[in-house]
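Peer 1: Starting off with a structure, shown below.
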Amino acid sequence: MQNSLKNENKIIKDVKRFFYETFRPRTGNDYKEFFTRGLDGKTDESAAYPWVYTRFFVVFLALFAIITLASFFSNVMSYPTTVLTGGIFTNLTALVLCYELYPRRDLSFLSVILVFLVGMVTSVFIIDIGYYVYGGNGWTGVIWTAVLEEFGKAVPAIIAILCFKNKNPLLGLVVGAAVGAGMSVSEDMGYIFWKSEGGFYPDYTTAVEIAVGRGGSSFFTHILWTAFIGWAFAKFKRPLINFKFWGVCLFSIALHFCWDMPLDEIYLAIVYIACGTAGIAFLVFAVLRKEYKAQTEQVYIELQPAPKNIKIRYSHTANLAAVFSAVILSALSLLTVYINPGYNFITEEFESEAEFISFVQNGLHINADFERQPPKGVPDKDNYSFVKVDGQTVEFTQKVTVDGYDYYYTYKNYFTPGQIEPETLLHNVEVEIDGVRYAYSYLKAEEETYKYFIINDSVLGFNEISYDDGVFYVGTWERGFEGLPWAIALGVVGGAVAVCGASLYIIMKTKSRRINYAQ
């Protein structure tokens, strides 16, 4: 009974100590030790607490939320930064966590970042070549994806471990995680940009959903799977001819295969939970249980209880208030973007060419001659304009008035060596409506090419026009206010959190300074 109470008290003390060391204020020496670790020649053990990870995560989460909110409401040109921060705010910080929990001081943070960057490019290069060879769909495609991507990540991870010349299994785990994190960043950025149809007026709801969803699963996917391979390569002797190493590789491939299976959402959710549980269970019980016990036993014996100092507690409380306020405000900002209180994407469907063209041309009956042949012997008249280079006419425009509409046909002259006369081809057609010129657009559908002028104000600028199985689709963006009440409510909550958090931070810091002054 007494032993169980002692064990329970020890666990409580360890948890308190872990919490304290993770969130307590840090000095410049603490940061110096982290960023110079592995460069000072020391290889001793070091107590592992994720204090750098928490700071990295909060900062990158805040940056992602701020730039996403600003891009959504103000300047869409900053959307690529949204894609970048959305890809790294969980993946890169997860790598920081893996490095920080590595219990020895023989690995530098700079070398891990180098593995992250080089591993990202190398693995993507190998995988892209593999997809060029075969990019099938269905179950065979899932098998090929699992094998190819794990192979593409394993190659740079193994090379990096060999370069370190350190067969520490936990180092292999961190190196594999670095390569997996690089691959995950690249893939997540691609999914965010592609599925949100990146460009002008991207789908921010989808962007936030993918960034948070895929980012939140990064601990259970590429990072974890490649970490297993790196650990196994460093763990087992002569790994390339060791069945245990290949067994771990097959385990990672199997997890990857299950994660990508083409199932319905409800079944896929069950598979995700099962894969995540299996991966974490293997990590804890098969990998970390023995490795950490062997390498950190002395470190944890030497730990002392957190100091009981009222000044430190005030300062600690202030920092916690700042951290949690930043996380909550970031989450509220992303939720505001997710509900999309700004623009709504509206899709119009047309089952005939005439209806489609009438809509985009704003009901105007415009009949441009898109097959018009160039005039012979171009006269120098008022209805012509010319572009000349070195005395030769390289481009000219002819103005033609038909049914009250002015059409501008632009031709280009292509000069071929040895030919006296250039080849003249129609380059562009414009129509002038109320003093504004509109260039023609076209849509390729099956064996037909439909040509038209986009005059409708709702279609002008940023739109999506497509054709599928006899139906024309015109997607346009319109201001929407369905999510505005929710956005206002979230803004009120965010304001309250900001005020309360700032007030608590100022009060606690003021008390801490007063105690210091009194002393």
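Peer 1: Grab the other residues whose beta carbon is less than 10 angstrom from that of G87, score K and R as +1, D and E as -1, and report the net.
Peer 2: Overall, the nearby charge balance is -1.
Peer 1: Among G182, V337, Y20, which residue has its Cα furthest toward the positive end of the charge dipole of the chain, with +1 on Lys/Arg Cβ and -1 on Asp/Glu Cβ?
Peer 2: Positive-end residue among those listed: Y20.
Peer 1: Give the calculated FRET efficiency between T347 and S441 to the nearest 0.05, with a Förster radius of 22 Å applied to their Cβ-Cβ distance.
Peer 2: The formula returns an efficiency of 0.80 here.
Peer 1: Which entry is the computed percent of Cα pairs over 39 Å apart for this structure: (i) 42; (ii) 26; (iii) 47?
Peer 2: Comparing each candidate, only (iii) matches the computed number.
Peer 1: Right, next: How many nm is it between the label spots at K290 and M261, if each spot is 7 Å from the Cα in line with the beta carbon?
Peer 2: A separation of 3.0 nm, rounded to one decimal place.
Peer 1: Another question, then. Sort segment 63-201 into rounded, prolate or oblate with this rule: let a ≥ b ≥ c be the square roots of the eigenvalues of the Cα gyration tensor; rounded if a/c is under 1.5, and if a/c is not under 1.5, prolate when a/b is larger than b/c, oblate otherwise.
Peer 2: In terms of gyration-tensor shape, oblate.
Peer 1: For a Förster distance of 60 Å, can you work out the FRET efficiency between the beta-carbons of S503 and L425, rounded to the nearest 0.05?
Peer 2: Using R0 = 60 Å, I get an efficiency of 0.25.
Peer 1: Of S325, N91, I346, whose Cα points farthest to the positive end of the dipole of the chain (charges on the beta-carbon: +1 Lys, Arg; -1 Asp, Glu; origin at the Cα centre)?
Peer 2: S325
Peer 1: Considering only Cα-Cα distances, which of the following residue pairs are longer than 27 Å: K13/K235; K16/K165; K32/K235; K165/K290; K153/K195?
Peer 2: From K13/K235; K16/K165; K32/K235; K165/K290; K153/K195, over 27 Å: K13/K235; K16/K165; K32/K235.
Peer 1: What does the highest-first list of 431-444, 243-256, 163-176 look like by mean Cβ count within 10 Å?
Peer 2: Answer by packing, highest mean first, reads 163-176, 243-256, 431-444.
Peer 1: Quick check on the chain: helices-only [θ] at 222 nm, where DSSP H runs of length 4 and up contribute -39,500 (n - 2.57) each and the sum goes over total residues. Nearest 500, please.
Peer 2: Theoretical 222 nm ellipticity from helices: -19500 deg cm²/dmol.
Peer 1: Continuing with the same structure: Using label points projected 7 Å from each Cα along Cα→Cβ, tell me how many nm separate L250 and D406, to one decimal.
Peer 2: That separation, rounded to one decimal, is 7.7 nm.
Peer 1: How large is the accessible surface of V118 in square angstrom, using a 1.4 angstrom probe and rounding to the nearest 10?
Peer 2: 80
Peer 1: Still on this structure, please answer the following. Which net charge results when you count Lys and Arg as +1 and Asp and Glu as -1 among the other residues whose beta-carbon is under 15 Å from that of F415?
Peer 2: Charge balance in the 15 Å sphere: -2.
Peer 1: Using a simple charge model, +1 on the beta-carbon of Lys and Arg, -1 on the beta-carbon of Asp and Glu, nothing else, what dipole does the chain show about its Cα centre, in debye to the nearest 20?
Peer 2: For the chain, the charge dipole is close to 5080 debye.
The values are calculated or read from the model by the stated rules, or taken from the named source; none is laboratory data. Every value quoted in this text rests on a predicted model; they were computed, and no experiment measured them. Backbone-built Cβ (ideal geometry, glycine too); neighbour counts: all protein chains shown. These area figures cover heavy atoms from the full protein model, side chains too; ligands, DNA and RNA do not enter into them. Shrake-Rupley method; radii C 1.70, N 1.55, O 1.52, S 1.80 Å.
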